[in-house]
Structures are given as structure tokens and as C-alpha cells.
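The values are calculated or read from the model by the stated rules, or taken from the named source; none is laboratory data. The structure presented is a predicted model; accordingly, all values stated were derived computationally and were not measured. Glycine gets a Cβ as well: all are built from the backbone with ideal geometry, and neighbour counts include every protein chain shown. The accessibility values were calculated without ligands, DNA or RNA, using every heavy atom of the protein model including side chains. Shrake-Rupley method; radii C 1.70, N 1.55, O 1.52, S 1.80 Å.
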Amino acid sequence: MSGETAKDVMSSGCQCIESNESLERAAQLMQELGVGALPICGPDDRLKGIITDRDIVVKCVAQGKSPSQVTAGEMATGLVWVAADASVEEALSKMEQNQIKRLPVIENGRIVGMISEADLAKNLSDDQLADFVHRVYAGA
């Protein structure tokens, strides 16, 4: 893993949901793409945050709100990302510090991909992956 960058291990071609789109549309897009999270981008095509399927359930539906009335942008808080040329170790550290399982990768101010647990499983040794999982899930 030494010398590998965030761009080397990320999944490229992630699709954004625009910040003005509804959570209902976000859920539909997640279903179409077979993903559990989408980057939220503004009209300027800049990353504003991430919305997860869990966010839609916990922060919208469980609170009695309508997914057709709440926008993705309303859920865009606490943006964490990593530069494409950052080391894999730096990406892992950001994910661990922020207790997140998906990390947007930014190059030249634009999102170019995401690092997910599946990407880590493909690129880390079993020991490194076990350590990451322990730190993120156990809050170590």
C-alpha cells in the first residue's frame, strides 16, 4: 500500500445528486445505481456533502418529514473529503477520525470518486482492513 494515493483505491465515476433535488429522488437514484450514498453537489458543481440511505430514514422519514419535500442540500452537513493525491493512510485517518465509511475524493475542486469500504477491502491487507473496521465501528 506504500505510495498508493486516494485516487488509486477509489471508485471513479460517482454520480452526484444536486442539492435542490428531493430526498425521494436521491433514494430513487441510489436504487438505480445500487449504492447507499450519493455526493451532494450544488449548481456550481462543487461538493456540498453526502447523503446516505440511513440519513433519509433517520433524519427525514423517522422525523415525520416527507422525502418529496426535503432537499438533499438540507442534509449536507459536515463535509469531509480527501485530495486525489493524498496517501491512502491519510484517507484512512480521515475516515477513522470522522467515523465515516465513505470518503469523497477531490481533484481540481471537483469530485472524481469515492472511497468506500468495498474499495478498502480490495486494496488493504486483511490486518489493515480489520484495524480500520475496528476503529470506525468501535469508535476507537
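Numbers at a glance
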| quantity | calculated |
| --- | --- |
| Rounded percent of accessible protein surface that carbon and sulfur make up, the stretch 52-140, 1.4 Å probe | 48 percent |
| For the chain, the fraction of alpha-carbon pairs in successive 10 Å shells from zero, as % | 12, 41, 34, 12, 1 |
| Unpartnered cysteines - no second Cys beta carbon under 4.7 Å - across the chain | C14, C60 |
| Helix axis angle, 126-138 relative to the chain longest principal axis, alpha carbon, degrees | 40 degrees |
| Chain lengthening between A62 and L129 when straightened (0.36 nm per residue, less Cα-Cα) | 20.9 nm |
| Å² per residue, accessible surface of the chain at 1.4 Å | 54 Å² |
| Antiparallel DSSP beta bridges within the chain, percent to nearest 5 | 80 percent |
| Amide H within-cut-off set for I100, under 5 Å, with H built and near neighbours excluded | none |
| For the chain: relative contact order, % (alpha-carbon pairs under 8 angstrom, 6 or more apart) | 29 percent |
| Whole-Hz ³J(HN,Hα) from phi, Karplus 6.51 cos²θ - 1.76 cosθ + 1.60, for the stretch 53-67, glycine and proline x | 4, 5, 4, 4, 6, 6, 8, 10, 4, 5, 8, x, 8, 9, x |
